[in-house]
Amino acid sequence: MDEKILFRAEKINKSFGPTHAVADFSIEISPGEVRGLIGENGSGKSTFSAIIAGLHKPDSGRLFFQGKEYMPSDTSMAAQAGASLIVQEIGTIAGISVAANIFINKERKFAKHGMLNYEEMNREARKILDKIGGEHIDPSVITGKLNLEDRKLVEIAKAMYSQPALLIIDETSNALTTHGRNILYQNIDAVRQEGGSVIFITHDLDELMSVCDSVTIMRDGHYITTLRGAEMEQKKMKELMVGREISNNFYRSDMEPNYRRDRVVLEATDLCSIEVGNVSFKLHEGEILGIGGLAESGMHELGRLLFGLEKKDSGEVVVAKSGDRIHNPQDAIRNSVGYMSKNRDTEALLLRFSISDNIALPSLDRIKEKGMIFKKNEHKLAGQWAENLSIKMRGLDDLCTKLSGGNKQKVVLGKWLGNDSHILIMDCPTRGIDIGVKEAIYRLMENLKAEGKAIVMISEELPELIGMSDTILIMKDGMITRTIERGEDVTEQTVIQYMI
Ligand SMILES: Nc1ncnc2c1ncn2[C@@H]1O[C@H](COP(=O)(O)OP(=O)(O)OP(=O)(O)O)[C@@H](O)[C@H]1O
């Protein structure tokens, strides 16, 4: 193999039943290169990554790595050969310690006379955590007690421990705060400095442009092309991903706030909890109320308080039409309030249930016939939303575990849109969603707005926040620090200033 090539894949194929997830896919990566890998939801990125990391065996094709033919049969073999993967979903085991996660399958290193030396294991874990930027994480703590970001940092530590020559990062940044992202980027640089390569999967094209030297586009499992340096132009990348022309500006085109100021649908008064302090606001008919802030600003907790998922210390959330107070999710659902959680795998979906079951779940009361739930009614509702949202699946009875990340997110959306929610609390509605469907979701939000429905949109994406909201509430340290009306001269820079 050419010395300038660190990794090569030759005509890789992988099918799951009738789904041809990776099709004749070939790629070459040079030492020191950070290669982006992009494509629509379900285009095969995670499957290809899993093949390199030994999680899936391809049906055909060959891999070459560091001058040798390579085909790992599991993740330990891949790590030994120098390839590590940070997965898109949670990749650590909740019930064991941080150190045990970092050294999974490497425990033997710490065994003496048949006993594990936990102290030594924790000491080693301390060193690698310090090295990767996880100084604040205690290696002896049970991993499930950590927040999502710290669990991701544990995965980074695990991946970096084996000093990978090839690091694959599958859509990890959207689980991270700015601080976490910077740690991730530092580790990418560290691999590059050592002459290794990185495959970086993301739907965020700005991030892609700042992190990657080149980008390969996948569509329906196929290799489309690779762009380098100045060729990496956003419009071009989007069009190559979706295979058609797409509009440059997919946010709202009207520049004025446009909702019924005289009709309040939901009112939050003096909401307080551990992470939220004295938040009050009114949500109106036809309004998109954006909530922005840094990830630790309390905005995600606010969404959970509004839906009754978390206990308030004081304050109240009242649905204007019924006068009902929301104390728990049952109160919310009864009042046509829907909630899309940011954490789709742990909170938003029943992963071991079908697409149809998940979409129909909050609507069961509505689709009952003579007190009975018929599969055909579930399928009718789920089929309509699966089509509206272009969910890539074999059938409505597919289990959600089998779906790609972005397609899982679409099921969450379908669930609450199908429920005909009048008030929707959307926490990061387009997280992990590809560019084509993102556009469709924004049009859907506009339609809901035109029907008089109201949306609370919690978002970490400034263009989305500015582009879609009638009103933006900025949160900092659990409190609302600024209210911005649509049409005011807002730029991303001014919004950031209020957040930090
Ligand atoms: N274990 C599995 N069983 C059945 N089908 C699967 C399995 N894993 C993936 N698929 C299917 O293979 C296709 C490719 O999925 P993959 O997760 O590789 O896409 P992706 O490009 O990573 O998408 P996303 O951007 O949404 O994460 C999808 O249609 C998906 O439903």
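The values are calculated or read from the model by the stated rules, or taken from the named source; none is laboratory data. In this text, all values refer to a predicted model and were calculated from it rather than measured experimentally. With ideal geometry, Cβ positions are generated from the backbone for all residues, glycine too; neighbour counts draw on all protein chains shown.
Of the residues making up segment 417-434, those that are within 13 Å of the ligand (Cβ to nearest atom) and of a type in the set (D, E, K, R) are R431, D434. Only a single criterion out of (1) within 14 Å of the ligand (Cβ to nearest atom); (2) of a type in the set (S, T, Y); (3) assigned to a helix (DSSP H, G or I) is not satisfied by Y442, namely (1).
Among the conditions (1) within 16 Å of the ligand (Cβ to nearest atom); (2) in contact with a strand residue (DSSP E or B) (Cβ under 8 Å, 6 or more places away or on another chain); (3) among the hydroxyl-bearing types (S, T, Y), Y339 misses just one, which is (1). All conditions in (1) modelled with pLDDT under 90; (2) within 16 Å of the ligand (Cβ to nearest atom); (3) outside the structural domain of V264 (by TED's automatic domain parsing) hold for G414, with the sole exception of (1). Considering the conditions (1) part of a strand (DSSP E or B); (2) in the same structural domain as I326 (by TED's automatic domain parsing), M218 is excluded by exactly one of them, (2). Take the residues in segment 366-404 that are within 12 Å of the ligand (Cβ to nearest atom) and assigned to a helix (DSSP H, G or I); name whichever of them is nearest to P18 (Cα to Cα). Checking each candidate, the answer is K402. When V437 is tested against the conditions (1) outside any loop (DSSP other than H, G, I, E, B); (2) within 14 Å of the ligand (Cβ to nearest atom); (3) without any contact (Cβ under 8 Å) to a residue 40 or more places away in the chain, the lone failure is (3).
Counting only strands (runs of 3 or more DSSP E) that sit completely within segment 1-84, those holding 3 or more residues that are away from the ligand (no atom under 15 Å from the Cβ) and charged (D, E, K, R) correspond to 7-16.
Note on segment 449-461: residues that are over 16 Å from the mean Cα position of the chain (by Cα) and either surrounded by 20 or more Cβ atoms within 10 Å (Cβ to Cβ) or within 16 Å of the ligand (Cβ to nearest atom) (or both) amount to 5. Out of S46, S60, one residue alone is in contact (Cβ under 8 Å) with a residue 12 or more places away in the chain, assigned by TED's automatic domain parsing to the domain that holds I188, under 21 Å from T202 (Cα atoms) and not charged (D, E, K, R). It is S46.
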